[in-house]
Structures are given as C-alpha cells and as structure tokens.
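The values are calculated or read from the model by the stated rules, or taken from the named source; none is laboratory data. Given the structure is predicted, the values throughout are model-derived calculations rather than measurements. Here the Cβ is made from the backbone with ideal geometry for all residues, glycine too, and neighbour counts use every protein chain on show. Note: accessible area is taken over every heavy atom of the protein model, side chains too, but ligands, DNA and RNA are not part of it. Shrake-Rupley method; radii C 1.70, N 1.55, O 1.52, S 1.80 Å.
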Amino acid sequence: MSVNTSRVQVQFWGTRGSLARPGRNTVRYGGNTSCVQVMLAEARGPLRGSILFSHTHWDHIQGFPFFAPLFVPGGHWDIYGPAGLSQSLRDTLAGQMEHIYFPVTLNELGASILFHDLVEGSFEIDDIHITTRYLNHPALTLGYRLEMGSACVVYACDHEPHSRLPGQRAQMHELDRRHSEFLAGADLVIHDAQFTDKEYANHKGWGHSPVEYVSEIGQLAGVKRMAFSHHDPGRTDDALDEIVESIRSDLKEKESPMHVFAAADGQVIELDISSATTRKIRRGKFSTTPATAPAVKDSSVLMGVSDAGLALVLTEAARVEGVRTTHALDAASTVRMAKSARPGLILLEDEPAGIDGLSVCRSLRSEQDLHLKQVPVVMVADRERTTEGMAAGVTQWLITPFSVQYARAQIQAWLWRSACRWIRAALPADEEKRLAALRGLSILDTQSEERFDRITRVAAAVGDVPIALVSLVDHDRQWFKSCHGLGVTETSRELSFCGHVVLTRAPVIVPDTLLDDRFADNPLVTGEPRVRFYAGFPIFYTDGSCLGTLCLIDTRPRQFPAATLQRFEDLASLVQQELNSSPQQTAA
Ligand SMILES: [Zn+2]
Ligand SMILES: [Zn+2]
C-alpha cells in the first residue's frame with residue numbers, strides 16, 4: 001500500500017453483529033458478520049496485505065479460513081490482533097482450522113503469514129499510521145485508528161459505554177471521554193451500534209453500544225461521518241431505516257454537521273487522502289508493534305465485600321486461571337490491602353451497612369499512588385448510581401443478580417486490559433497555568449537551537465547514554481526542543497515518562513523499566529526505542545510551573561552514583577536558564 005494516491009476506498013463486507021442473519025428482512029443492509037476492507041488505489045495486489053482483528057469472538061473471525069488469498073502460494077499476509085489472550089492470536093485462529101473443522105490447517109496455507117500481537121500503542125503499515133485502543137467488551141478487544149495522508153478512519157467494534165446517562169454529555173465517564181478522543185476528528189468512524197438506548201437498558205455488560213451513545217460520542221469527537229454497524233441480528237432493514245431517521249432528525253435539531261448512516265454489506269465509501277491540510281501524523285522510530293507475554297500471568301483481584309453470599313459468588317466468578325483472589329471484610333482493610341497487594345482489579349460492594357464502596361473508591365482515587373488512581377474498580381450493587389459513581393472514580397458497575405459466567409467474563413476482560421496497560425501520569429493540579437506558561441514562551445515547534453543541543457550532547461556524554469532530550473510537555477504530546485540520539489521530535493503524552501516528572505515536580509529515576517509497573521508495558525518499553533533506563537529532571541518556569549524535563553534514556557538498565565545524578569540536575573538548571581531567557585519569550 002502506498003499513500004501516493006489521492007483516494008482510499010472503505011468497503012463493508014459484513015455489518016451484522018453477533019451472528020449472520022440472511023433473509024428477506026435483511027437484504028438491503030445484509031446479513032454477513034463484521035468485516036471491513038480499507039484499500040488504497042494502488043494496493044499491493046491480491047497476494048499481499050494486512051488483516052487487523054479487533055478480537056477473536058466468532059462473529060469476527062469465522063470468515064478467516066475462507067479468505068481465498070491465504071491459499072495462494074507466494075502471498076504474504078501480516079495479521080494483527082490483541083495480545084494477552086490465554087493463547088496467542090495464531091493459536092486461536094489455528095484452532096478453528098483444525099482438521100475436524102476444516103480441510104486445510106493454518107500451517108498448510110499457501111501464503112506466508114506473520115502474526116503480530118498488539119497492546120495499546122501505535123505502529124505503521126507502510127504509510128498508514130495505526131493507533132490501537134482497548135474497547136469495553138467482555139473479550140480483550142482493540143479498536144483501530146488508521147491515519148492515511150489527510151484521512152482518518154476508525155474501526156470501533158465491539159464496544160459499550162463505560163457508564164451512561166442518556167443525553168447528558170456534560171456528565172461523561174472519564175473512560176468514555178477517552179474513547180471520544182480516540183475518534184477525534186475522524187473522517188469516518190465505523191462503530192458498534194447494536195442496540196437502541198431502550199434495548200441497552202436490558203443488555204448492559206453485553207459489550208455493545210446504543211446508537212444514541214454512538215451519535216453523542218461522535219458529535220463530541222467532531223466525527224465527520226459515522227457508520228452505525230454491528231447491527232443487531234434481529235433488526236430488520238425497515239427498523240434500521242427508522243433508527244437512522246430518528247438520529248438524523250436529532251442531529252438536525254442540534255445543527256450538528258455529522259453525517260450518520262447504517263453501514264450495508266457491499267457499500268463502498270471513498271475518502272480523499274490528499275487534501276491540502278495534511279493531517280499531522282506522529283510517526284517515527286517510536287511507532288512499533290509491541291509484543292508482550294500473556295497478560296494474565298500474575299494477576300490478583302481484591303474483593304472488598306462484607307456480605308458472605310456475595311463474596312462466595314464473586315470468588316467463584318474470579319476463579320480464572322492464574323488469578324489470585326484476596327478478600328477484605330471492611331473498608332479500612334480494603335484500602336490497606338489495595339495499597340500492599342497492588343491488585344489488577346478491585347471489586348467493591350456498595351452497601352452502606354457493610355462496605356460503602358463509593359467512599360472506599362473515593363479514598364483509593366485520592367491516594368498519591370498512581371496504581372490506585374488507575375486500577376479498575378468495579379462496584380457491585382443492585383442498581384447503578386451513575387452520577388455518584390463517576391464522581392467517585394468507579395470504572396464500571398456489576399449489577400446483581402448476575403450469573404457467575406457473566407461476572408467471570410467481565411472480570412477476565414478487566415484483568416486483561418489492566419495487565420496490558422502501563423500507568424499514565426495524571427494531570428498536575430496547575431495544568432492550565434502550566435500550559436499557559438509553556439505557550440507563552442512561544443517555543444513549541446520552533447527550530448532546534450545550539451544553546452539547547454549542546455546541553456543534551458553533554459548530558460549524553462556524562463551519562464554515556466544514547467539518548468538525551470529537552471522535552472516540553474504540551475496538552476496532548478511531549479515535544480522535544482532538543483533531541484540527541486533520537487529521530488522523532490514528539491510523542492504522545494499518554495506514553496510520556498516526562499509526564500510523571502511534571503506531575504511530581506521532582507526527578508524521576510527508573511533504573512529498569514521492566515521492573516517498574518508504571519512503565520513495564522509502555523509501548524516505548526515493549527517496542528522501539530526499547531527504553532530500559534529513564535532519568536528525567538524537571539524544568540520550571542519563573543512562576544514555578546513545571547514545563548518539562550531534561551531526560552536521559554538508555555536501552556539497558558543503569559544505576560548512577562549520586563554525584564552523577566547531581567551533574568544531570570546541574571545540566572537541567574542550565575536548560576531552565578536558557579528556556580527562561582528565550583528570545584521568543586512573551587509571557588509576563
Ligand atoms: Zn461482535
Ligand atoms: Zn464480540
């Protein structure tokens with residue numbers, strides 16, 4: 001594939017969710033299960049290509065053995081999907097091609113196939129920049145954001161809201177807001193829209209979205225075209241027409257420019273990828289295909305539950321291979337055990353007479369420890385208190401009564417996602433003031449300057465490290481005023497180590513990233529440039545705002561004596577001095 005062409009074609013091969021549904025009532029939108037092809041005009045031909053799997057539920061993989069190009073000798077296919085399943089993506093796909101199911105096994109296919117197990121991060125296929133995000137589904141599921149030239153297409157099936165108050169965009173769960181950022185500004189989003197709000201009320205936890213939510217989140221994200229997909233198998237063509245009509249009239253009322261439609265089998269959408277306003281793509285050595293070991297290897301669930309019956313059911317549900325369960329009977333010991341055991345998931349009862357889960361959650365979220373700020377907390381209750389839950393930092397609700405199988409699927413999905421995640425730095429309290437100070441310097445996106453470059457050069461020499469950077473932490477990126485030993489000038493803030501320095505306003509020294517659960521799964525660690533050692537020293541503006549760091553990076557674990565660390569701090573002071581005397585400085 002090459003982006004030297006001006007158009008990209010998106011073709012829907014299947015738009016039905018959960019199971020195939022041929023029949024006279026599904027003729028127009030089609031009955032095939034989910035499959036979308038993205039093709040650039042000058043494609044590589046029928047022999048080469050890449051297949052991206054969102055997850056391995058059957059409605060998303062059953063067409064795979066029948067994909068004819070795989071049988072052609074000489075062909076080559078790259079296959080991508082979420083890592084961290086109990087078995088590899090390859091083994092899962094090979095399973096449905098064993099001889100009892102299928103005449104040709106995976107090993108016997110004519111084409112050569114390369115498997116890539118993914119976590120959250122970004123990578124490139126030729127000129128297409130791809131970002132992955134976990135979706136909320138009872139299987140480990142990735143959404144894909146494809147940026148090609150000036151065009152952007154997002155595929156987000158299967159997914160459901162983390163928490164939902166219909167029509168109340170102002171009150172959105174933090175993780176739903178994060179999901180909307182993933183869709184931001186896309187030309188085309190293909191989104192799970194299996195239910196309506198009314199149907200969703202009885203299908204929470206099934207992992208599928210109500211169409212009204214998809215419309216709201218699309219508007220928030222400034223999406224241009226929204227394709228409702230993964231249609232409910234019971235939905236007739238006429239019913240789909242009605243749903244689209246009602247969403248369109250709602251959008252018209254709100255004067256939203258977003259165009260929505262129900263995706264149909266065989267439909268082709270063309271996008272222009274060569275417009276003058278070329279999308280800013282973050283690319284370079286940082287982008288990679290990280291590989292990880294199976295995620296649920298040493299994970300634990302902490303239950304804060306006083307009710308013996310509920311504890312019994314939850315213990316049974318958490319009986320997942322390789323997962324330990326610990327149990328606290330009161331609020332104080334729940335908090336204490338959360339701090340010491342560092343669980344991958346916390347289940348809390350919402351019972352004022354027993355453990356008041358919301359107040360336990362609030363106190364965990366207020367801890368300095370970033371792990372406790374970000375570990376998923378599932379509230380077990382007989383009804384969802386959405387607003388209070390969002391304020392307290394609840395990740396999701398598990399509503400009683402539930403079946404053990406259902407709870408187990410949810411617990412497993414949360415453990416997978418949290419085990420494959422690195423810990424992002426929270427925003428500092430003075431974030432707005434800090435950004436204003438940084439912008440006031442008018443230094444972002446300026447040319448490199450010798451007065452900074454000589455400092456990173458010296459820092460790299462003093463530490464004998466390959467990489468030294470002057471990194472300024474902007475709203476959603478860290479931008480490098482000086483980069484010694486690195487070919488990129490910015491990376492996303494999500495991946496940022498320096499964000500942790502900005503948050504703590506103190507040096508952050510990580511002798512070995514693989515031993516530090518804040519960073520071990522960070523794509524910059526698991527993939528290029530394979531950061532093993534990091535040391536970041538804060539740089540302050542005259543008003544005390546922390547703007548960024550002087551940081552040093554090595555690809556091997558390192559330990560430095562205090563005297564050397566002091567020298568790095570001295571160099572950071574020099575950077576600070578230069579920055580605060582910048583000729584561009586306009587801030588008062
Ligand atoms: Zn599905
Ligand atoms: Zn699914």
- Message: Quick check: with the 1.4 Å probe, what order do 220, 524, 565 take by accessible area, largest first?
- Response: 220, 565, 524
- Task: Using a 1.4 angstrom probe on the protein heavy atoms only, line up 148, 172 by accessible area, largest first.
- Result: 172, 148
- Once the dipole of the stretch 515-574 is set up from charges on Cβ (+1 Lys and Arg, -1 Asp and Glu), the residue from the list 531, 544, 574 lying farthest towards its positive end is 531
- Query: Expressed in nm to one decimal, what extension gain is obtained for the pair residue 92 and residue 270 from 0.36 nm per residue of sequence separation less their Cα-Cα distance?
  - Reply: 60.8 nm
- Item | Largest to smallest accessible area among 206, 77 [probe 1.4 Å] | 206, 77
- Item | Simple Cβ-charge dipole of the chain, Lys/Arg +1 and Asp/Glu -1, about Cα centre, in debye nearest 20 | 840
- At 222 nm, what helix-only mean residue ellipticity would the chain give, in deg cm²/dmol to the nearest 500, using -39500 (n - 2.57) for each DSSP H run of four or more? -8000 deg cm²/dmol
- Placing each pseudo-label 7 Å from Cα in the direction of the beta carbon, residue 504 and residue 321 end up separated by a distance in nanometres of 3.7
- Mind listing P(r) for the stretch 376-480? All alpha-carbon pairs, 10 Å bins, whole percents. 11, 24, 22, 17, 16, 9, 1
- Item | Listed peptides 368-381, 59-72 by packing density, highest first (mean Cβ within 10 Å) | 368-381, 59-72
- Message: Considering just Cα atoms, how many Å³ per residue does the convex hull of the stretch 379-432 enclose?
- Response: 85
- Item | Pairs of Lys in the chain closer than 28 Å at Cα, counting only those 8 or more apart or on different chains | 17
- Magnitude of the charge dipole, the stretch 482-577, Cβ model with Lys/Arg +1 and Asp/Glu -1, debye to 20: 160
- Note on the structure: Plugging the Cβ-Cβ distance of residue 436 and residue 104 into 1/(1 + (r/R0)^6) at R0 = 51 Å yields, to the nearest 0.05, a FRET efficiency of 0.25
- Query: What is the log10 of I(q)/I(0) for the stretch 76-179, computed with the Debye formula using one identical point scatterer on each Cα and no solvent, at q = 0.20, 0.22 Å⁻¹?
  - Reply: -1.12, -1.21
- If only Cα atoms are counted, what is the Rg of the stretch 467-541, and what is its Dmax, in Å? 11.6, 33
- Item | Inverse of mean 1/r across different Cα pairs in the chain, Kirkwood, Å | 25.6
- Query: So if we plug the beta-carbon distance of residue 171 and residue 254 into 1/(1 + (r/R0)^6) with R0 = 25 Å, what FRET efficiency do we get, rounded to 0.05?
  - Reply: 0.90
- Item | Of all DSSP beta bridges in the chain, antiparallel share, percent nearest 5 | 55
- Output the peptides 482-493, 21-32, 437-448 sorted from most to least packed, where packing is the average of other Cβ atoms within 10 Å over each peptide's residues. 482-493, 21-32, 437-448
- Tell me, what is the FRET efficiency for residue 516 and residue 488 to the nearest 0.05, using R0 = 25 angstrom and their Cβ-Cβ distance as r? 0.65
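Give the dimensionless ratio obtained when the Cα radius of gyration of the stretch 1-154 is divided by 2.2 N^0.38 Å.
Compared with the compact-globule rule of thumb, the stretch 1-154 sits at 1.07.
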- Message: With a cut-off of 8 Å between alpha carbons and a minimum separation of six or more residues, what is the relative contact order of the chain in percent?
- Response: 12
- Once phi is turned into ³J(HN,Hα) by the Karplus curve 6.51 cos²θ - 1.76 cosθ + 1.60 with θ = phi - 60°, what whole-Hz value does each residue of the stretch 8-16 show in order, with x for glycine and proline? 10, 10, 10, 10, 8, 9, x, 10, 8
- Working note, the stretch 439-573: Cα radius of gyration (Å, one decimal) and Dmax (Å, whole number) are 13.6, 38
